[in-house]
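Student: This is the structure, below, for whatever I ask next.
Read-outs throughout are calculated quantities, based only on the coordinates presented, and are distinct from any laboratory measurement. Computed from a predicted model, the values in this text were never measured in an experiment. Using ideal geometry, Cβ is built from the backbone for each residue, glycine included, and neighbour counts are taken over all protein chains shown.
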Amino acid sequence: MKTLTIEEANELLAAGEVVAIPTETVYGLAADARSDAAVRKIFTAKGRPADNPLIVHIGDIGQVDELVTGVTDKARLLMTHFWPGPLTVILPSTNRVSNLVTAGLTTLGLRMPSHETASELLRTSGIPLAAPSANLSGKPSPTSAAHVRHDMTGRIAGVVDGGVCNVGLESTVIDMTSDMPVILRPGGVSQAQIEAVIGSVDVAEGSAEKPRSPGMKYTHYSPDAQVYLVDGSDLYFERMIDKYQHNGLKVGVLCGDLHIAKYPIGVVTKGIGNQGRHLYAALRAFDAQGVEVVLCEFFEDAAVMNRLLKASEERVLREVED
């Protein structure tokens, strides 16, 4: 896969092609959000369901009023405090993007990324870019250009290499179309940070039949291995490891950085920080090492737990007290 300069990427985007770009959250598959033909190429490259809406990325605050309407004072406050950054704001669409982007909804999710390369590309192109994560649909999101090449070689025109993403989890998505804002997907901006700016917000529960945001309906972020969350004592966790190893399966453990040493030799152990910057890289590494079952600790971070519940299809192994 060709590594692109910003100038080359802009030329390809203007010609209706799809290129992978870095953001502070994950790498995105970028295409002109106004073009049906360009956006269709995103869905084809990812194998993404057509009823799963896309987030549009902008490089200039002036583009907000071109693309959405009904921008409330609270929505403006969020943009002022958290843009550029890992927050997507959903507002009523002005219908200036492809219907494929909104999946037939009347709303549109907007984000202004803070990654220097993405910002420069968006400013210089002037194109509002639909840019879902640059991975095959359902698989762990890419946080490096190498991850993009693994999934997308032969599927897109090239990648702009901006190094490793420094947030590593997708943006927080908040619906600002009603009196009570609703967080649809946790991410790089926490509920507490949002409430410190605009007051109380609700948090969406479970999946949606017609998703209002990426990450609400389908299984996401899954490695080839079977993923389970383990809810129980250290002894119970060890018993689960023994169970799967006894069945001849290669076991991996996803845990906090400080817990690596407590797991036995013979288990592929990956430690991540509570903010989850290294989550997707760890899930991809399990596949690269032939792991067949991944057992996960519980984490305090809501965004990390959201991704692990999706990756595991909410499979939880629970210790039952006698």
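Student: Would you be so kind as to identify which of 136, 157, 232 lies farthest towards the positive end of the dipole of the chain, taking Lys and Arg as +1 and Asp and Glu as -1 on Cβ and the Cα centre as origin?
Tutor: With unit charges placed on the Cβ atoms, the residue in question is 157.
Student: If you count, for each residue, the other Cβ atoms within 10 Å and average over each peptide, how do 170-176, 279-285 line up from highest to lowest?
Tutor: Values: 170-176: 27.1, 279-285: 23.3.
In decreasing order of mean packing, 170-176, 279-285 become 170-176, 279-285.
Student: Which listed residue (38, 245, 109) has the Cα farthest towards the positive end of the charge dipole for the chain, taking +1 on Lys and Arg C-beta and -1 on Asp and Glu C-beta about the Cα centre?
Tutor: 38
Student: I would also like to ask the following. Tell me, what does the Kirkwood hydrodynamic radius of region 1-110 come to in angstroms if you use every pair of distinct C-alpha atoms?
Tutor: Details: mean 1/r = 0.0677 Å⁻¹.
About 14.8 Å for region 1-110.
Student: Could you state the angle between the C-alpha long axis of helix 36-46 and the longest principal axis of the C-alpha atoms of the chain, as a value from 0 to 90 degrees rounded to the nearest 10?
Tutor: 10
Student: Calculate the FRET efficiency for residue 289 and residue 190 from the Cβ-Cβ distance with a Förster distance of 35 Å, rounded to the nearest 0.05.
Tutor: Values: r = 32 Å, r/R0 = 0.91.
Efficiency, rounded to the nearest 0.05: 0.65.
Student: Right, here's the next one. Given +1 on the Cβ of Lys and Arg, -1 on the Cβ of Asp and Glu, and no further charges, what dipole in debye does the chain carry about its Cα centre, rounded to the nearest 20? Don't skip to the end; give the middle numbers.
Tutor: Numbers: 29 positive and 39 negative charges, 153 e Å.
Around 740 debye, computed over the chain.
Student: Using a simple charge model, +1 on the beta-carbon of Lys and Arg, -1 on the beta-carbon of Asp and Glu, nothing else, what dipole does region 23-130 show about its Cα centre, in debye to the nearest 20? Can you show the working numbers first?
Tutor: Working: 10 positive and 10 negative charges, 57 e Å.
Roughly 280 debye for region 23-130.
Student: Please report, to one decimal in angstroms, the Kirkwood hydrodynamic radius of the chain built from all distinct Cα-Cα pairs.
Tutor: Working: mean 1/r = 0.0498 Å⁻¹.
Averaging 1/r across every pair of different Cα atoms and inverting gives 20.1 Å.
Student: With the dipole of the chain worked out from charges on the C-beta (+1 for Lys and Arg, -1 for Asp and Glu) around the Cα centre, which of 119, 258, 28 lies farthest toward the positive end?
Tutor: Farthest along the dipole direction, towards plus: 28.
Student: Shifting gears a bit: Between residue 71 and residue 2, with labels modelled 7 Å along Cα→Cβ, what's the label distance in nm to one decimal, could you check?
Tutor: Between residue 71 and residue 2, the simple spin-label model gives 3.5 nm.
Student: For residue 81 and residue 179, calculate 0.36 nm times their separation in residues minus their Cα-Cα distance, and state this gained length in nm to one decimal.
Tutor: Details: separation 98, 0.36 × 98 = 35.28 nm, distance 1.96 nm.
Computed gain between residue 81 and residue 179 is 33.3 nm.
Student: In addition: Calculated FRET efficiency, residue 202 and residue 265, Cβ-Cβ r, R0 45 Å, to nearest 0.05?
Tutor: Values: r = 46 Å, r/R0 = 1.02.
Taking R0 as 45 Å, the efficiency between residue 202 and residue 265 is 0.45.
Student: Let me ask something additional. Tell me, how many Å apart are the Cα centres for region 15-54 and for region 238-301?
Tutor: Their Cα centres are 31 Å away from one another.
Student: Starting from the Cα of residue 247, move 7 Å in the Cα-to-Cβ direction to define the label point; list residues of region 292-322 whose amide nitrogen is under 15 Å from there.
Tutor: 292-296, 315-318
Student: Next up: What is the count of Lys pairs in the chain whose alpha carbons sit under 13 Å apart, if the two are 8 or more places apart or on different chains?
Tutor: For the chain, qualifying lysine pairs total 4.
Student: Report, in degrees rounded to the nearest 10, the 0 to 90 angle that the Cα long axis of helix 73-82 makes with the longest principal axis of the chain.
Tutor: The helix 73-82 is inclined about 60 degrees to the chain.
Student: Rounded to the nearest 500, what is the 222 nm mean residue ellipticity of the chain from helices alone, with -39500 (n - 2.57) per DSSP H run of 4+ residues and division by all residues? Write out the running numbers ahead of the final one.
Tutor: Working: 11 runs with 97 residues, N = 322.
Value at 222 nm, helices only, nearest 500: -8500 deg cm²/dmol.
Student: Follow-up question, since we're still on this one. How would region 109-204 be classified by its alpha-carbon gyration tensor: rounded, prolate or oblate, with rounded meaning a/c under 1.5 and the a/b versus b/c comparison settling the rest? Show your work: numbers first, answer last.
Tutor: Details: a/c = 2.25, a/b = 1.82, b/c = 1.24.
Judged from the Cα gyration tensor, region 109-204 comes out prolate (a/c at least 1.5, a/b above b/c).
Student: From Cα pairs below 8 angstrom and at least 6 apart in sequence, can you work out the relative contact order of region 218-283, rounded to a whole percent?
Tutor: 25
Student: Considering only DSSP beta bridges with both partners in the chain, what is the antiparallel share in %, to the nearest 5? Write out the running numbers ahead of the final one.
Tutor: On the way: 16 of 43 bridges.
Counting only bridges with both partners in the chain, antiparallel ones make up about 35 percent.
Student: Continuing with the same structure: With a cut-off of 8 Å between alpha carbons and a minimum separation of six or more residues, what is the relative contact order of region 1-147 in percent? Spell out each step's value before the answer.
Tutor: Numbers: 277 pairs, mean separation 52.8, N = 147.
Relative contact order comes out at 36 percent.
Student: Let me know the shape class of region 49-145, please: from the alpha-carbon gyration tensor, a ≥ b ≥ c as square roots of the eigenvalues, rounded when a/c is under 1.5, otherwise prolate if a/b is greater than b/c, or oblate. It would help to have the intermediate numbers written out before the result.
Tutor: Working: a/c = 1.62, a/b = 1.13, b/c = 1.43.
Oblate, since a/c reaches 1.5 and b/c is not below a/b.
Student: Here is a follow-up. Relative to the longest principal axis of the chain, what angle (0 to 90°, nearest 10) does the C-alpha long axis of helix 279-288 take?
Tutor: It is inclined by approximately 60 degrees.
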